[in-house]
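Input: a single structure, listed below in structure tokens.
The values are calculated or read from the model by the stated rules, or taken from the named source; none is laboratory data. In this text, all values refer to a predicted model and were calculated from it rather than measured experimentally. Cβ coordinates were reconstructed from backbone atoms using ideal geometry, including for glycine residues, and neighbour counts include every protein chain displayed.
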Amino acid sequence: MNPKRGYGEHLVELELKIHEKGLEKRIHLPGLINDEDKLWLYMNFMAVVFPSKIEGMGSPPVEAMRCGKPVFASAFSSTPEVSEDKAYYWENFDPKYMAEFFLENMNHFENDPGRPLVLHRHSLQHTWEHLAEQYLCLFWKVLGIN
């Protein structure tokens, strides 16, 4: 994917690839969704697959964990910084490796009944309120305000 191209061009390219591979019934690109629909999606999917190489903080992993869902992400983004050891990380992008890694770790997740609660608790460290509080503490420290 060429990062110099616009979002619309990438979307068209992605839609063409989905069509070429006959995956229209398995991959849905809903566009923008409201918070109610987003919550429904998080509660009704199996996992979040987030293989981005150049992602910033990224809300989907934290939101998925808040709903007790496993996260699969690239080890080469900033996701490990936030998700720590609570997510499963791909070390490369070989499709066979990624699929096997996903299935093996979904099995691990499904056989650990306490895991959803661990993920939910971890996600609470990354609420907007908590992040704002951390920034305020940093600003107070820099300004010498106790």
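Within the stretch 94-117, does at least one residue satisfy the condition of being part of a loop (DSSP other than H, G, I, E, B), at pLDDT 90 or above and closer than 30 Å to Leu11 by Cβ? Yes, some residue in the stretch 94-117 is part of a loop (DSSP other than H, G, I, E, B), at pLDDT 90 or above and closer than 30 Å to Leu11 by Cβ. What about Ala99, is it in contact with a Pro (Cβ under 9 Å, 6 or more places away or on another chain), of a type in the set (A, V, I, L, M) and assigned by TED's automatic domain parsing to the domain that holds His130? In short, no. Would you confirm whether or not the stretch 76-88 contains a residue that is among the polar types (S, T, N, Q) and in contact with a Pro (Cβ under 6 Å, 6 or more places away or on another chain)? Taking every residue of the stretch 76-88 in turn, at least one turns out to be among the polar types (S, T, N, Q) and in contact with a Pro (Cβ under 6 Å, 6 or more places away or on another chain). Restricting the first member to the stretch 45-61 and to residues that are farther than 17 Å from Asp94 by Cα and in a loop (DSSP other than H, G, I, E, B), and the second to residues that are β-branched (Val, Ile, Thr) and modelled with pLDDT under 85, no beta-carbon pair is closer than 8 Å while six or more apart or on different chains. Taken over the stretch 10-30, the criterion of being touching a helix residue (DSSP H, G or I) at 6+ places or on another chain (Cβ under 7 Å) and β-branched (Val, Ile, Thr) is satisfied by Ile27 alone. Of Ala64, Ala73, all but one fail to be in a strand (DSSP E or B), small (Gly, Ala, Ser) and crowded, with 19+ Cβ neighbours inside 10 Å; the exception is Ala73. Restricting attention to the stretch 57-79, does a residue exist that is over 13 Å from the mean Cα position of the chain (by Cα), modelled with pLDDT of 90 or more, over 17 Å from His126 (Cβ atoms) and among the polar types (S, T, N, Q)? Within the stretch 57-79, none of the residues are over 13 Å from the mean Cα position of the chain (by Cα), modelled with pLDDT of 90 or more, over 17 Å from His126 (Cβ atoms) and among the polar types (S, T, N, Q). Filter the stretch 29-44 for residues that are under 17 Å from the mean Cα position of the chain (by Cα) and in a loop (DSSP other than H, G, I, E, B) and give the result. Across the stretch 29-44, the qualifying residues are Leu29, Pro30, Gly31, Leu32, Ile33. Taking the stated definitions as given, is Tyr97 exposed (fewer than 13 other Cβ atoms within 10 Å of the Cβ) and in contact with a strand residue (DSSP E or B) (Cβ under 8 Å, 6 or more places away or on another chain)? So Tyr97 fits the description; yes. Sort out which residues of the stretch 119-129 are surrounded by 11 or more Cβ atoms within 10 Å (Cβ to Cβ) and assigned to a helix (DSSP H, G or I), and write them in order of number. Matches in the stretch 119-129: Leu119, His120, Arg121, His122, Ser123, Leu124, Gln125, His126.
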